[in-house]
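First the structure, in the form of structure tokens, and then the observations on it.
Please treat every number below as a calculation from the coordinates, not as lab data. Every value quoted in this text rests on a predicted model; they were computed, and no experiment measured them. Don't worry about glycine lacking a Cβ; one is built from the backbone with ideal geometry, like all the others, and counts go over all protein chains shown.
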Amino acid sequence: MKYSTQKLAYPYFIAALLLFMVQVLAGVLAGSVYAMPNFLSESLPFHIIRMIHTNALLVWLLLGYFGAAYFLIPEESERDIHSPKVAWLQLFIFVFAALAAVVSYLAGVHEGREFLEQPLWIKILLVVAFLLFLYNVSMTVLKGRKTVVTTILLLGMWGAALMFLFAFYNPGNLALDKMYWWYVVHIWVEGVWELIMASMLAFLLIKMTGVDREVIEKWLYVIVGLALFSGLLGTGHHYYWIGTPGYWQWIGSIFSVLEVLPFFAMVLWCFHMVYRSGRNHPNKAAMLWSLGCPVMAFFGAGVWGLLHSFSQVNFYSHGTQITAAHGHMAFYGAYVMLNLAFFTYALPQLRNAQPYNQILNMWSFWVMTAAMAFMTFTLTFAGVLQTHLQRVVGMGFMEIQQQLDLFYWMRLLAGVAFLVGALMYLYATLGPTTKQVSSSPNMQPAAR
Amino acid sequence: MSERLTKSAARNIFYGGTAFFIVLFIALSVHTHLYIVNTSTDETTLTESVTRGKHVWERNACINCHSLLGEGAYFAPELGNVWVRYGGRDHAEGARMGLKAWMRAQPTRVPGRRQMPQFNLSEQELDDLIDFFEWTSRIDTQGWPPNTAG
């Protein structure tokens, strides 16, 4: 670590990991309600648990990106972060807003559009924190060395902030509401977030493989190009059945196929760069996560997305457990693993220790990844059965759900296993380092 | 390919292509917006009570259990066509009474069955919410869902 302000990433990563735990705990609770429907039904109803589950996810992922930006921008721009005070203020506002949202949900105070349930004043706080961040990192980048990594990262961040403004537009016409709601939801996760993802991966590849920056950055352009060319019109696969014109069925189907390409390109990119370098980076756990991330993103976002995004298929599968299956593996593969990879890479440096508890960290990788894969399979089976019984046979929703009990129990099992994996990760990255060899700057090996 | 494609060419393709697709997306969005307002939804019957009903729907976060036009939590039934499922197209009063009775009877407390909380909606709120369901059921959704099961 060359710049002292890179340390700003540390509190961001801790806050992110704590909210990750909140998210997973809420997930296990929600999974329990699926298996045992009367559980908590009057003290903490399902809709509240689910709001905490999804909102905590979005907030901790963003905290991870913010922290990653504070960590990588000084190294890329070759200068310290413009204002550490603003970064602390931003963290304080953002975490306060997140906790206020959780308390507010528990008290039953919320707005009602999915994922955008935060009361108006909390949404405004989130925007304020986001603007502080953009100001801080943009100033740093403008005054320093310009690299493709920081340019793409900033494009992704500015785009995310810009699209979030549609969260404030809620027309009375439901179809219009839904159309612009997807501007936030789709263009985040299948558009600008992919820019953030690709630039963070690019930084990790540059640092860990030692392959020439020029080569990595050229492919970074290709990947983010593929992401936006396919992702923008790919919004069409959400515009099939919500009162939007029929031509979206063509556009959405075609561009959904293309949306697989950036993820496939990321797999090739990461593996090729690691293969080409032949260098053995000592942080093996970070390498494992960095390779696992594009692979699971390819399956979760790419393959499971394509599975149900042709309009002819989606006509039957829309709004079933198939969507839940896809959502879980896509978020895990693309964005959860991305952050966990980055934390695994950066935390040893931030804590001034050698890469430590690598074995435990790698076990947590396999436990979480296997649990999420199993969860996705069970939900996929549940979804296929539900699609047939409900959309083809025409049975009632509640009647079908009882037949899916076995799958929901297996999903709960997977959820508990995932929680175990997440706790292992937490211990491996933030746990005691007393037995580790502390690294002073002049003793540091190839790990940078 | 890696030899022929230079970094500056990759950059130009990225910026040029992105600009092209943004413009295309905005153009299609404008058309879609107009199509929704003029063709697929009935703005003339988008009354005060429908709008109030949408707010009842939002204030109680119904979307975090139910789905509406297939989007939501998949934990509870689809409600975009609940008006049709309750026979509202043929017997509006019967459907209205049935929906109110159902929401008032929650939670059922039946063991092993998913529970809907009691939201204590007023008569006015119930009517507004049902007006919202009725209006929603008339959105032209390209024939979705495949059947009344939703």
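Taking the Cα centre of the protein assembly as shown as origin, sum charge times position over the Cβ atoms of Lys and Arg (+1) and Asp and Glu (-1), and report the length of that vector in debye to the nearest 20.
Numbers: 37 positive and 33 negative charges, 411 e Å.
In debye, rounded to 20, the protein assembly as shown gives about 1980.
Hey, could you pull the Cα Rg and Dmax for the protein assembly as shown, both in Å?
Over the protein assembly as shown's Cα set, Rg and Dmax evaluate to 24.2, 82 Å.
Per residue of B:126-137, count partner chain C-beta atoms within 10 Å of its C-beta, then hand back the mean as an integer. It would help to have the intermediate numbers written out before the result.
On the way: counts 0, 0, 0, 0, 0, 0, 2, 0, 0, 3, 3, 0.
For peptide B:126-137, the averaged partner shielding equals 1.
Kindly write out, for the range A:84-92 in residue order, the coupling ³J(HN,Hα) from the Karplus curve 6.51 cos²θ - 1.76 cosθ + 1.60 (θ = phi - 60°), rounded to whole Hz, with x marking Gly and Pro.
Per-residue couplings from phi come out as x, 4, 4, 5, 5, 4, 4, 4, 4 Hz.
Given points 7 Å out from each Cα along the Cα-Cβ axis, report the A:Met398 to A:Phe377 separation in nanometres with one decimal.
Between A:Met398 and A:Phe377, the label points sit 3.3 nm apart.
Once the Cα atoms of helix A:405-430 and of chain A are each reduced to a long axis, what angle between those two axes, in degrees from 0 to 90 to the nearest 10, is obtained?
So the helix axis and the longest Cα principal axis differ by about 10 degrees.
What are the lysines whose alpha-carbon lies under 16 Å from the alpha-carbon of A:Lys7, with same-chain residues fewer than 8 places away excluded?
Reachable lysines: A:Lys85.
If packing is taken as the mean number of other Cβ atoms within 10 Å per residue, what is the order of A:84-90, A:150-156, highest first?
Numbers: A:84-90: 16.7, A:150-156: 22.9.
Averaged packing, sorted descending, gives the order A:150-156, A:84-90.
How many partner chain Cβ atoms sit within 10 Å of a residue's Cβ in peptide B:28-34, on average, as a whole number? Don't skip to the answer; put the middle values down first.
Details: counts 10, 6, 0, 3, 10, 7, 1.
Mean number of neighbouring Cβ atoms from other chains: 5.
In degrees from 0 to 90, rounded to the nearest 10, what is the angle of the helix A:284-297 Cα long axis to the longest principal axis of chain A?
Helix A:284-297 and the main axis of chain A meet at about 30 degrees.
Along the charge dipole of chain A, pointing to its positive end and built from +1/-1 on Cβ of Lys, Arg, Asp and Glu, which listed residue (A:Gly27, A:Leu419, A:Tyr247) has its Cα farthest out?
A:Leu419
Tell me the mean residue ellipticity at 222 nm calculated for chain B from its helices only (DSSP H runs of n ≥ 4, each -39500 (n - 2.57), averaged over every residue, nearest 500).
Details: 5 runs with 72 residues, N = 150.
Only helices count here, giving -15500 deg cm²/dmol.
Treat each spin label as a single point 7 Å out from the Cα along the C-beta direction, and report the A:Lys2 to A:Leu360 distance in nm.
3.2 nm
Please give the calculated 222 nm ellipticity per residue for chain A, where each DSSP H segment of at least 4 residues contributes -39500 (n - 2.57) and the sum is spread over every residue; nearest 500 deg cm²/dmol?
Values: 17 runs with 318 residues, N = 448.
It lands at -24000 deg cm²/dmol.
At 0.36 nm per residue, and after removing the present C-alpha to C-alpha distance, how many nm does the segment from A:Trp250 to A:Leu162 gain when stretched out fully?
Working: separation 88, 0.36 × 88 = 31.68 nm, distance 2.77 nm.
Value of the extension gain: 28.9 nm.
For A:Gly300, what is the net charge nearby, where nearby means another residue's Cβ is under 14 Å from its Cβ and Lys, Arg count +1, Asp, Glu -1?
Details: positive: none; negative: A:Glu190, A:Glu194, A:Glu259.
Residues near A:Gly300 contribute -3 overall.
Helix A:120-143 sits at what angle to the longest principal axis of chain A, using alpha carbons and giving 0 to 90 degrees rounded to 10?
30 degrees
Of A:Met410, A:Met296, A:Met208, which is the most mobile in a GNM of chain A whose springs link Cα atoms less than 10 angstrom apart?
Highest fluctuation of the listed residues: A:Met410.
Mind checking the dipole of the range B:46-150: about its Cα centre, +1 per Lys or Arg Cβ, -1 per Asp or Glu Cβ, Debye to the nearest 20? Could the numbers behind the result be given before it?
Values: 12 positive and 13 negative charges, 99 e Å.
Approximately 480 debye in magnitude.
Once both labels are modelled 7 Å past Cα along the beta-carbon direction, what's the A:Ile124-A:Val416 spacing in nm?
Label at A:Ile124, label at A:Val416, 4.6 nm between them.
So, in Å, what gap is there between the alpha-carbon centers of the range A:138-173 and the range A:317-369?
Cα centroid of the range A:138-173 versus Cα centroid of the range A:317-369: 24 Å apart.
What average number of partner chain Cβ atoms lie no more than 10 Å from the Cβ of the residues making up B:71-83?
Details: counts 12, 5, 9, 13, 10, 5, 5, 5, 0, 4, 0, 0, 0.
The mean count of partner-chain Cβ atoms within 10 Å per residue comes to 5.
To the nearest 20 Debye, how big is the dipole of the range A:1-141 about its Cα centre, given +1 on the beta carbon of each Lys and Arg and -1 on that of each Asp and Glu? The partial results should precede the final answer.
Details: 7 positive and 8 negative charges, 35 e Å.
Here the range A:1-141 has a charge dipole of around 160 debye.
Set the Förster radius R0 to 60 Å, insert the Cβ-Cβ distance between A:Ala107 and B:Arg4 as r into 1/(1 + (r/R0)^6), and round the FRET efficiency to 0.05. Don't skip to the end; give the middle numbers.
Working: r = 61 Å, r/R0 = 1.01.
Given R0 = 60 Å and the Cβ-Cβ separation, E is 0.50.
Give me, ordered by chain and number, the residues 5 or more places off B:Glu78 or on other chains with an amide H under 5 Å from its own placed amide H.
B:Ser67
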